[in-house]
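K.L.:
Below you'll find the structure I mean.
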Amino acid sequence: MNIALISCGRSDYSIYLPLMKKLNADPFFKLNIIAFGTHVSQFYNRTVDMFYNDGFDVAYEIESLVLGDSPEAISTAMGLTITKFSSLWAHEDYDLIIVLGDRYEMFSAIASSVPFNIPVAHLHGGETTEGAFDDMFRHSITAMSKLHFVSTPGHAKRVEQIIGSKRHIYHVGAPALDNLNDLKLLSIEEFKEVWNIDLSKPTVLVTYHPETVASNKNVEYVRELCKAMNRLDKQFVITMPNNDTMGTVIRTELLNFVGNNTDKYKLVEVLGAVGYYSCMQHCEFLLGNTSSGIIEAASFSRYVINIGDRQKGREAGLNVIHVDAEENAIVNTADKIATLPAFKDGNIYGNRDTTIKMLNILKEYYNSEIKQN
C-alpha cells in the first residue's frame, strides 16, 4: 500500500511518530513522507531534520511557506501550497494520503488532491477549537476524507454529522499516546545534560499559541500570562508558538518579557518528542493552550491550566482546568493545583494501542476497496 503522509510542522511530528514507526516497519506499506510548511524553513530551525535524525527518509521537501503571519501572508501561503501539491499529486500514484488535524497548510494540500480522487485518511477529525479558525479547516478536511481516525466517541459523532454517514469512522484514540510505549524519556540528570535545564527545580511547562479568532486580543492575553508567571515562584520552560496568525507577536512578547532573566525562564524553540515528553514527566503542571495539554498530559498524571478559548470545545479530562486569560485566575489556579491529590483517573484519549488499530484498518481497507479496483 503506497501511502503519502504529509507533515507541515513540528507540532505534527510527535503525533505522527509512532504511526510512522509502525508503517516503516511493516513491509505491507510503502511510506512516503512529504514535509512542507515550517518544517523546511530555516527561520523555524528546519524541523524536517527530526525525520532524518530518527532514521526516516523524506520523499519530498516542499517549500510553500510565506514568511510573515499576517492574514495576507497566510492566504498567500495557502495558494502556494495548493499549487505546489497539485504538481505532486499529478505525477505520483498514491493509494492513500494520511493527514493530521486542522492546519491551513494541511487543508490546502488536501484541497489540491480532490480532483485526483486520491483517498484521504484524516486523524483527529471531529474535534473543536473555538478560539482558532482551525475548525473550518479541520471540518473541511473531514468532508474531503474517506477514512476517519477519531480520538473519542464524541468526536466520532461529530464526524458523522459532518459527512452524513457512519461509514469508515473509526474510534481508535490519539496516536501520540503510543509514543509512551517505546520512547526512552530522559531522567532529570539526562535532561539537564542535553538542555542545560534543571528539572529538579519546581518547573512549569508552558506552550502558548495565539487565538486566531480573537486575534486582536493576543497581546493582552500573553501579557496576562506573563504577569502570572512573574508572580509564581517556579521555573518555566517555555516552548515558542507555531506559525499562526499573530504568532510573531506572541514570540516577540515572550522574548521581551524574559529578557535576561534566563534563570527563571527557559525559552526553547523545539524540544522534540523525547525532550517535550520528558519535561512533561518531570514538571509540576502544564500551562498554556496547546492540544498536548488536553490529549497527552493525563497520561503523565499532570494537571493542566488551559488558558482562554483556543481549545474550547475539544473534549478534556478532569486533569484540565479551564481559565480565562487573566493574571489572577491563572495564579489562583496554580495555587489550587498545589493542594490537589495526584491525578490518577486515566486518559479519555486512549490506551496506547491506537497505531496497531490503524494499521489493521488500513490493511482491511486496502484489500477490500483498493486492491480489487
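K.L.:
What's the total number of residues in the range 119-136 that are in a loop (DSSP other than H, G, I, E, B), surrounded by fewer than 23 Cβ atoms within 10 Å (Cβ to Cβ) and modelled with pLDDT under 95? Walk me through how you get there before you give the answer.
P.N.:
Going residue by residue through the range 119-136, those that are in a loop (DSSP other than H, G, I, E, B) are 119, 124-133.
Pick out the ones that are also surrounded by fewer than 23 Cβ atoms within 10 Å (Cβ to Cβ) and you get 119, 128, 130, 133.
Now restrict to residues that are modelled with pLDDT under 95: 128, 130, 133.
Summing the residues that are in a loop (DSSP other than H, G, I, E, B), surrounded by fewer than 23 Cβ atoms within 10 Å (Cβ to Cβ) and modelled with pLDDT under 95 in the range 119-136 gives 3.
K.L.:
Quick check, is L17 surrounded by 15 or more Cβ atoms within 10 Å (Cβ to Cβ) and at pLDDT 95 or above? Walk me through how you get there before you give the answer.
P.N.:
On the way: surrounded by 15 or more Cβ atoms within 10 Å (Cβ to Cβ): yes; at pLDDT 95 or above: no.
So L17 fails the test.
K.L.:
Let me ask another. Is it the case that D26 is of a type in the set (D, E, K, R), in the same structural domain as I98 (by TED's automatic domain parsing), touching a residue at least 60 places away in the same chain (Cβ under 8 Å) and surrounded by fewer than 16 Cβ atoms within 10 Å (Cβ to Cβ)?
P.N.:
yes
K.L.:
Oh, and also: How many residues, within the range 262-297, are among the hydrophobic types (A, V, I, L, M, F, W, C) and under 16 Å from the mean Cα position of the chain (by Cα)?
P.N.:
Just the residues of the range 262-297 that are among the hydrophobic types (A, V, I, L, M, F, W, C), to begin with: 267-268, 270-271, 273-274, 279-280, 283, 285-287, 294-295, 297.
Narrowing further to those that are under 16 Å from the mean Cα position of the chain (by Cα): 270-271, 273-274, 280, 286-287, 294-295, 297.
Selection size over the range 262-297: 10.
K.L.:
Oh, and also: Hey, among S292, S301, S278, which residue is crowded, with 22+ Cβ neighbours inside 10 Å and not aliphatic (A, V, I, L, M)?
P.N.:
Residue meeting the stated conditions: S278.
K.L.:
Is there a residue in the range 18-35 that is out of contact with any helix residue (DSSP H, G or I) (no Cβ under 8 Å at 6 or more places or on another chain) and basic (K, R)?
P.N.:
yes
K.L.:
Can I ask one more? Which of the residues that make up the range 328-346 are β-branched (V, I, T) and surrounded by 11 or more Cβ atoms within 10 Å (Cβ to Cβ)? If you could, list the steps in order and put the result at the bottom.
P.N.:
Our first condition is that a residue be β-branched (V, I, T); within the range 328-346, this holds for 330-331, 333, 337, 339.
The answer is I330, V331, T333, I337.
K.L.:
If you check every pair at least six apart or on different chains, which have Cβ atoms under 6 Å apart with a residue in the range 253-278 that is farther than 26 Å from L186 by Cα first and a residue that is among the aliphatic types (A, V, I, L, M) and in a helix (DSSP H, G or I) second?
P.N.:
Listed pairs, sorted by first residue: E253/V222.
K.L.:
Please work out which residue is surrounded by the fewest Cβ atoms within 10 Å (Cβ to Cβ), limiting yourself to the range 47-65 and to residues that are within 18 Å of I97 (Cβ to Cβ) and touching a Phe, Trp or Tyr at 6+ places or on another chain (Cβ under 6 Å).
P.N.:
Here the residue is V58.
K.L.:
Taking L31 and the conditions (1) under 19 Å from the mean Cα position of the chain (by Cα); (2) part of a strand (DSSP E or B), which numbered condition does it fall short on, given that it satisfies the others?
P.N.:
Among (1) under 19 Å from the mean Cα position of the chain (by Cα); (2) part of a strand (DSSP E or B), the lone unmet condition for L31 is (1).
K.L.:
Taking only pairs six or more apart or across chains, which ones have beta-carbon atoms under 8 Å, a first residue in the range 221-245 that is under 21 Å from R10 (Cα atoms) and outside the structural domain of G9 (by TED's automatic domain parsing), and a second residue that is modelled with pLDDT under 95 and basic (K, R)?
P.N.:
M240/R251; P241/R251; N242/R10
K.L.:
Within the range 139-181, work out how many residues are farther than 20 Å from S112 by Cβ, of a type in the set (S, T, N, Q) and either surrounded by 17 or more Cβ atoms within 10 Å (Cβ to Cβ) or touching a Leu at 6+ places or on another chain (Cβ under 8 Å) (or both).
P.N.:
3
K.L.:
Touching a helix residue (DSSP H, G or I) at 6+ places or on another chain (Cβ under 8 Å) and more than 27 Å from N351 (Cβ to Cβ): which single residue out of F137, F56 fits that description?
P.N.:
Sole residue among the options that is touching a helix residue (DSSP H, G or I) at 6+ places or on another chain (Cβ under 8 Å) and more than 27 Å from N351 (Cβ to Cβ): F137.
K.L.:
Go over the candidates I82, I162, I110 one by one and state the one that is farther than 19 Å from H39 by Cβ, among the β-branched types (V, I, T) and part of a helix (DSSP H, G or I).
P.N.:
So the residue among I82, I162, I110 that is farther than 19 Å from H39 by Cβ, among the β-branched types (V, I, T) and part of a helix (DSSP H, G or I) is I162.
K.L.:
I'm checking my understanding of the structure. Among residues of the range 191-220 that are acidic (D, E) and in contact (Cβ under 8 Å) with a residue 12 or more places away in the chain, which one is surrounded by the most Cβ atoms within 10 Å (Cβ to Cβ)?
P.N.:
E211
K.L.:
Could you list all residues from the range 315-354 that are hydrophobic (A, V, I, L, M, F, W, C) and either under 19 Å from L17 (Cβ atoms) or outside any helix (DSSP H, G or I) (or both)? Reasoning before the result, please.
P.N.:
Keep residues of the range 315-354 that are hydrophobic (A, V, I, L, M, F, W, C), which gives 316, 318, 320-321, 323, 325, 329-331, 334, 337-338, 340, 342-343, 348.
The answer is A316, L318, V320, I321, V323, A325, A338, L340, A342, F343, I348.
K.L.:
Can you give me the ranges of the helices (runs of 4 or more DSSP H) entirely in the range 166-272 with at least 1 residues that are over 30 Å from K21 (Cβ atoms)?
P.N.:
Here the list reads 218-231, 247-258.
K.L.:
When K357 is evaluated against the numbered criteria (1) in a loop (DSSP other than H, G, I, E, B); (2) surrounded by fewer than 21 Cβ atoms within 10 Å (Cβ to Cβ), which criterion, by number, is the only one it fails?
P.N.:
K357 satisfies all of (1) in a loop (DSSP other than H, G, I, E, B); (2) surrounded by fewer than 21 Cβ atoms within 10 Å (Cβ to Cβ) except (1).
The values are calculated or read from the model by the stated rules, or taken from the named source; none is laboratory data. The structure presented is a predicted model; accordingly, all values stated were derived computationally and were not measured. All Cβ positions, glycine included, derive from the backbone under ideal geometry; neighbour counts span all protein chains shown.
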